[in-house]
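The values are calculated or read from the model by the stated rules, or taken from the named source; none is laboratory data. Bear in mind the structure is a predicted one, so any value in this text is a computation, not a measurement. Here the Cβ positions follow ideal geometry from the backbone for every residue, glycine too, while neighbour counts run over all protein chains shown.
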Amino acid sequence: MNIQQLRYVVATAEHGSMTAAAAALFVAQPALSRAVRQLERELDLALFARAGRGVALTPAGETFVHRARAALGSIDRLRTTASADQDSAPLVIAASPTLQAALAIPILAGLREHGARIHARLLGASSSAEVAELVAAGRADLGLCDSAVSAEPAGLVRVAIGRAEVRLYSPAGLDLPDRVTFADLAAVPLVLPTAGSDRRASLDAFFEGCGITPEVAVETDERHAWLAAVSSGVASCLWHSLDPRRAPLPGVVSRGFDPPMHRTLVAVQRGADERAVSRHLLEVLRQVGELVA
């Protein structure tokens, strides 16, 4: 889901047809229709039903549009605040390398496309616990986490922002079904975090719970090397996906699990943080999370 799709859905609801909405937004009607239908498939919801020569909102669509308007209002406020705050210190966002690539960069890119030009600095962290500690200590304004923090520091505001699917990314040509089981992982060489790291401990516990012993092909904490190893045909890896339909690199095949596996995404911020840009961004994340839910 992206901001453009929210604007398309709200405009369609306001104008009563996709043709009129496209004319009002100065976009091609087929492009608007594809974006709206793609969003419906992604959410597994019918937002519109045919009504004469136009469309009308379904009950689910009514709820979605109400929340989408609120999210777009927050994005507009963020854009105004970011423009007025251009010369201030950068907004520091703490996240694991995976979430920097899978969540932080797409968020910033989407906001930039719609006028909210945030000067951000990404701060790496090895675990969700470290992300929370960086935010609590004032070294980061906002943190992005993909797992629960067992001992979350006091004074933090915690906001759920949706779920990311965990998928298996493999070299093209690997003989695997379209949807893999956890047992299939036993026969696939994997790239994993280094032994002794928090991430590796979490994955080792997962493998033990599945009753499998993984074949470790590469150990590295440099996440950019993970997908490089996959595209080079060396190994497969487990990776978050906010867009399951898209493979991250040529020659890489993305497969979901059966049953599907997800990680809850959470943003954390100091409750006493007075930076308007940080507050507005957290509100945008909260409202977009409600839309996904």
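When Ser202 is tested against (1) surrounded by fewer than 15 Cβ atoms within 10 Å (Cβ to Cβ); (2) part of a strand (DSSP E or B), exactly one condition is not met: (2).
Go through the residues of segment 235-243 one by one and say whether even a single one is surrounded by 16 or more Cβ atoms within 10 Å (Cβ to Cβ), in contact with a strand residue (DSSP E or B) (Cβ under 8 Å, 6 or more places away or on another chain), among the hydroxyl-bearing types (Ser, Thr, Tyr) and modelled with pLDDT under 90. For segment 235-243, residues surrounded by 16 or more Cβ atoms within 10 Å (Cβ to Cβ), in contact with a strand residue (DSSP E or B) (Cβ under 8 Å, 6 or more places away or on another chain), among the hydroxyl-bearing types (Ser, Thr, Tyr) and modelled with pLDDT under 90: present. In this structure, Ser278 does not qualify as of a type in the set (S, T, N, Q), surrounded by fewer than 17 Cβ atoms within 10 Å (Cβ to Cβ) and part of a helix (DSSP H, G or I). Looking only at residues in segment 250-275 that are under 14 Å from the mean Cα position of the chain (by Cα) and among the β-branched types (Val, Ile, Thr), the one that is surrounded by the fewest Cβ atoms within 10 Å (Cβ to Cβ) is Thr264. Within segment 61-90, residues that are closer than 26 Å to Leu47 by Cα reach partners that are among the small types (Gly, Ala, Ser) and outside any helix (DSSP H, G or I) with beta carbons closer than 7 Å, at six or more positions or on different chains, in the pairs Ile75/Ala116. When you look at Met1, is it out of contact with any Cys (no Cβ under 7 Å at 6 or more places or on another chain) and either touching a residue at least 60 places away in the same chain (Cβ under 8 Å) or of a type in the set (Phe, Trp, Tyr) (or both), yes or no? Yes, satisfied. Of the set (1) surrounded by fewer than 17 Cβ atoms within 10 Å (Cβ to Cβ); (2) touching a residue at least 12 places away in the same chain (Cβ under 8 Å); (3) touching a helix residue (DSSP H, G or I) at 6+ places or on another chain (Cβ under 7 Å); (4) not hydrophobic (A, V, I, L, M, F, W, C), all apply to Gln38 but (3).
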